[in-house]
1. For segment 69-115, name all the residues that are modelled with pLDDT of 95 or more and of a type in the set (Val, Ile, Thr).
2. How many residues are in a strand (DSSP E or B) and either within 16 Å of Leu48 (Cβ to Cβ) or in contact (Cβ under 8 Å) with a residue 40 or more places away in the chain (or both) when one looks only at segment 62-113?
3. Would you mind finding the one in Ala64, Ala42 that is within 12 Å of the chain's Cα centre (by Cα), surrounded by 14 or more Cβ atoms within 10 Å (Cβ to Cβ) and modelled with pLDDT of 95 or more?
4. If you take the residues of segment 1-39 that are touching a His at 6+ places or on another chain (Cβ under 9 Å) and in a helix (DSSP H, G or I), which of them is surrounded by the most Cβ atoms within 10 Å (Cβ to Cβ)?
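The values are calculated or read from the model by the stated rules, or taken from the named source; none is laboratory data. Keep in mind that this is a model prediction, so the values were computed, not measured. As a convention, Cβ positions derive from the backbone with ideal geometry for all residues, glycine included, and neighbour counts pool all protein chains shown.
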Amino acid sequence: MGRNNLAGAWGEALAAEYLYQKGYVIRENGYRCRFGEIDLIAEKGGVLAFVEVKLRKSSEFAQAREFVDQKKQERLRITASFYLAEHETPLRSRFDVIEIYAPDGTQTDRPEINHIEDAFQ
């Protein structure tokens, strides 16, 4: 596993722990289909959240959420539709973004975590 894959897995694990601490149940971690990947699928309060995790050293260049552009959003929508076709649910769904700022990468003691609920439609 390369350095970026390790950092990505670390970021996703941090995000999953953050959501768990907020009362979410993690349904899927790294859901994949031929259309794309969803980092986390979590449930809380009658809502199924499709979560994109973005890990950055800082927001100096741009906020992490800005990297979830129109093309990425469309891939996430298609992948979520595929998931919902496989897993029927009465839950309402939404798309969230979790930004993680870790200035020292995986060595960061206290990464900053921002959870943006309903980040896009």
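1. Across segment 69-115, the qualifying residues are Ile78, Thr79, Val97, Ile98, Ile113.
2. Residues flagged as in a strand (DSSP E or B) and either within 16 Å of Leu48 (Cβ to Cβ) or in contact (Cβ under 8 Å) with a residue 40 or more places away in the chain (or both) within segment 62-113 amount to 11.
3. Result of the check over Ala64, Ala42: Ala42.
4. Ala15
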